[in-house]
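The values are calculated or read from the model by the stated rules, or taken from the named source; none is laboratory data. All values reported here derive from a predicted model rather than from experimental measurement. Note that we place each Cβ from the backbone using ideal geometry, even for glycine, and neighbour counts take in every protein chain shown. What goes into the accessible areas is simple: the full protein's heavy atoms, side chains included, and nothing from ligands, DNA or RNA. Shrake-Rupley method; radii C 1.70, N 1.55, O 1.52, S 1.80 Å.
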Amino acid sequence: MSYFKRMLADRKQIILGTILTPLGIYAGITLKEWRDQREATRIEREVKQSASVAAAQEPDDSPSAIHAELNELRNAASALRTREGQLNMELESIDLKLSRVEAKIDEEKKKRD
């Protein structure tokens with residue numbers, strides 16, 4: 001083996017490190033810059049979105065807007081009352097079933113005694 005090949009083989013790790021280290025540093029710096037750019041873009045997008053949401057949520061004090069909101073609230077209250085009635089009926093049904101089961105359990109206990 002020639003002197004040059006033997007020298008390369010002996011110092012292979014040093015040579016590879018010398019070549020690859022700058023590439024790794026460059027890749028790391030590029031990745032960091034890319035992540036920073038994505039983060040900045042995300043923050044800008046969130047700020048724009050929150051500004052548009054805030055603008056859309058500005059109260060409209062016109063009488064028609066207040067009347068429409070009042071109607072929406074009345075409709076929501078009506079829907080909640082309807083749901084409350086349904087839940088009460090379900091609760092009564094469950095109570096009835098529970099009392100039947102308890103009565104059966106009591107009968108079984110009396111039969112065993």
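Of the accessible area of the chain, with the probe set at 1.4 angstrom, what percent is carbon plus sulfur?
C and S atoms contribute 59 percent here.
Rank Gln49, Gln86, Gln13 by mean-square fluctuation in a GNM of the chain with C-alpha springs under 10 angstrom and give only the top-ranked residue.
Among Gln49, Gln86, Gln13, the largest mean-square fluctuation in the Gaussian network model of the chain belongs to Gln13.
What shape does the chain have by the C-alpha gyration tensor, where a ≥ b ≥ c are the square roots of the eigenvalues, rounded means a/c under 1.5, and otherwise prolate means a/b greater than b/c and oblate the rest?
Note, shape of the chain comes out oblate.
Report the calculated FRET efficiency for Ala103 and Ser78 (r = Cβ-Cβ distance, R0 = 35 Å), to the nearest 0.05.
0.40
Within the chain, which DSSP H helices have Cα atoms that stretch 30 Å or more along the helix axis and a mean Kyte-Doolittle hydropathy of at least -0.5?
Qualifying helices, which must be both long enough and hydrophobic enough, are 12-56.
Can you give me the accessible area per residue for the chain, using a 1.4 Å probe, in Å²?
Accessible area per residue, the chain: 95 Å².
Tell me which lysines have Cα within less than 22 Å of Lys48's Cα, excluding those fewer than 8 residues away on the same chain?
Output for Lys48: empty list, no partners.
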